[in-house]
């Protein structure tokens, strides 16, 4: 799902995406100067790999996050939050969702047998 930057106003816009057993609920709010504040929660279940034995198992997801989205290349000072650059005047919600999932998958997880 793609959302045009111009459609994001000061009132929060709510979105929800689903992928298998994972749910991504978020709000987008116009922050300032081509920046949009994204606040979200990632819940559900996710298949991950044990870093010790390599077996697959499921974990529960309950992650909250917030960061800024920049319309184009970000040129600015420290905002106190991570800034994710988006191009083509659009916010790629599917891409952000996939990135957050992959960040969790790339962490070190250990199954019950290896814990």
Have a look at the stretch 50-115 and give its Rg and Dmax from the Cα atoms, expressed in angstrom. 16.3, 47
With axes computed from alpha carbons, what is the tilt in degrees of helix 93-105 against the longest principal axis of the chain, rounded to the nearest 10 within 0 to 90? 30
Could you tell me how far the Cα centroid of the stretch 9-26 sits from the Cα centroid of the stretch 37-87, in Å? 13
Divide by every residue of the chain the summed helix terms, -39500 (n - 2.57) for each DSSP H run of at least 4, and state the resulting mean residue ellipticity at 222 nm, rounded to the nearest 500 deg cm²/dmol. -3500 deg cm²/dmol
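Since every read-out is calculated from the coordinates, none of them should be taken as a lab result. Just so we're clear, the structure is a prediction, and the values are computed from it rather than from any experiment.
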